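A quick write-up on the structure given underneath.
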Amino acid sequence: GDSSVALQAQEEIIEMKDVFSVKLKRRRFAGQKKGGTLLGITIFKCLNKGENKLTDCSVHLNNLSEDHCQSWFRNLKEILNGFQNRPKSLKVFVNPNSHKREAAHIYHEKVAPLFKLADIKTDVTVTEYEGHALSVLKECELQAFDGVVCVGGDGSVSEVAHGLLLRAQIDAGKDTDYVSKPVRAPVPLGVIPAGTTNILAHTLYGIKHAVTATLHIVMGHMQAVDVCTFSTPSKLLHFGFSAMFGFGARTLALAEKHRWMPSSQRKDFAFIKTLADLKPEECELSFLPLQIPQEDGHEKDRITLLYLGSKDQWQKIQGHFLNVSIMAIPCLCSMAPRGLAPNTRLNNGSMALIVVQNTSRTEFIKHLKRYTGVENQFNFPFVETYTVQEVKVQPRRRSGADAKEDTCLNAASAEGNYPWNIDGDLMKETSEVHVRVHPQLIDLYGVNTDDLESSQATCNCI
């Protein structure tokens, strides 16, 4: 401006890749909604505060010239509009019953203001019952949106991800009863953590932080992620990222029976009760190990190998297992900072099969405790790990006294149903479950936490 006051020059470089909004700054009187005295422009940028946490901050550029400010405003908006992955319109699902019923508060107080600031239009559905998001996704005009966002816990995210992929099969005219080669999800999925465990959010962002998750969505950071199909011989059960059979599933089944208890209390109760009643499941596991290409092979050759396994390469193990985990992603959470499956990645086209054989309660507890620390949780003689493409789990029904005792503890066993924990959702099945991994089937808003520091690219600067 024309100020005669000598101000000390202070230089700051702002990279446009970090900017998500620009606004004209005006002084308005109380109650005034339009007009006002022009003061300059304000630039809103995404700031990395370290430890994977993002926050928003503003930079004020003062100038009283309307023409000058409008010129800057137009040019900066043009640059921002050039970032292709940034969403302009989002379909949002909010589960009001997640965790401590705080999802609606998180959305309205922390998420919606940032979407509004970034000029992102939203269509919000507050879910009223289990399966509500799935039914909406089957019917809504998805082509009107650049992405879908879920505000909730792991179960809510699992339902929305399943709905997106099921919708993709329907739109492609594919059979949804048995899906051999699924179609990619049509739009990316954003995850705002508002649940208890928030495994997918931790895996994507390295932290449970609603503002960080929102800014990854606003900035259009995207990560292709592998997805599993869970099927019986006759039908598709679910699309998902991870599953547990045995202890992890029994714990969830017991927690679901005590929905009247507060979230954290019922999960602690279910964990302790299941541990006290610890018993193995008898089953047969068949799996197809991952084929590793030669070092000079091309990426295309590796992906092709995932679908070329012949039947004689299948391996089988039978026995009594306390827990079986099948995971296509590392599954980080606050209780397992290294991940439930630290040896797999978000998009490497493989699954981790983790088998815990029958052992004493004391040894099993030692195994569980290691998830919270830095020691290798798999370094036990009763734990086996495999890197696989496909897994088949065939439970064996209990007989005699064992069946009678198990029926008392779990009514589902009387019907021959076995609980499965698929991404925090409880499913019960009587027959063999076939799990297959499908490389990079969905894009999720976020950054692979392994590459968080190296993912920053150079860009034009102001």
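The values are calculated or read from the model by the stated rules, or taken from the named source; none is laboratory data. For clarity, every value in this text was computed on a predicted model and none was experimentally measured. All Cβ positions, glycine included, derive from the backbone under ideal geometry; neighbour counts span all protein chains shown. Ligands, DNA and RNA are excluded from the accessible area calculation, which covers all protein heavy atoms including side chains. Shrake-Rupley method; radii C 1.70, N 1.55, O 1.52, S 1.80 Å.
Looking only at the range 205-235, which residues are hydroxyl-bearing (Ser, Thr, Tyr), in contact with a Lys or Arg (Cβ under 7 Å, 6 or more places away or on another chain) and assigned to a strand (DSSP E or B)?
Within the range 205-235, just 229 meets the criteria.
So which residues in the range 118-135 are open to solvent by 30 Å² or more (accessible area, probe 1.4 Å) and assigned to a helix (DSSP H, G or I), if there are any at all?
134, 135
Which of (1) in contact with a Cys (Cβ under 8 Å, 6 or more places away or on another chain); (2) free of Cβ contacts under 8 Å to residues at least 40 places away in the same chain does residue 35 not meet, given it meets every other one?
Every condition holds for residue 35 apart from (1).
Any chance the range 61-77 includes a residue that's touching a Phe, Trp or Tyr at 6+ places or on another chain (Cβ under 9 Å), outside the structural domain of residue 208 (by the TED database) and not aromatic (Phe, Trp, Tyr)?
Scanning the range 61-77 turns up at least one residue that is touching a Phe, Trp or Tyr at 6+ places or on another chain (Cβ under 9 Å), outside the structural domain of residue 208 (by the TED database) and not aromatic (Phe, Trp, Tyr).
Residue 204: without any contact (Cβ under 8 Å) to a residue 40 or more places away in the chain, in contact with a His (Cβ under 9 Å, 6 or more places away or on another chain) and of a type in the set (A, V, I, L, M, F, W, C), yes or no?
No, not satisfied.
Could you list, in sequence order, all residues of the range 251-287 that are under 21 Å from residue 101 (Cα atoms) and of a type in the set (S, T, N, Q)?
Across the range 251-287, the qualifying residues are 263, 264, 265.
Does residue 115 count as under 14 Å from residue 213 (Cβ atoms) and either assigned to a loop (DSSP other than H, G, I, E, B) or touching a residue at least 12 places away in the same chain (Cβ under 8 Å) (or both)?
Yes: the conditions hold for residue 115.
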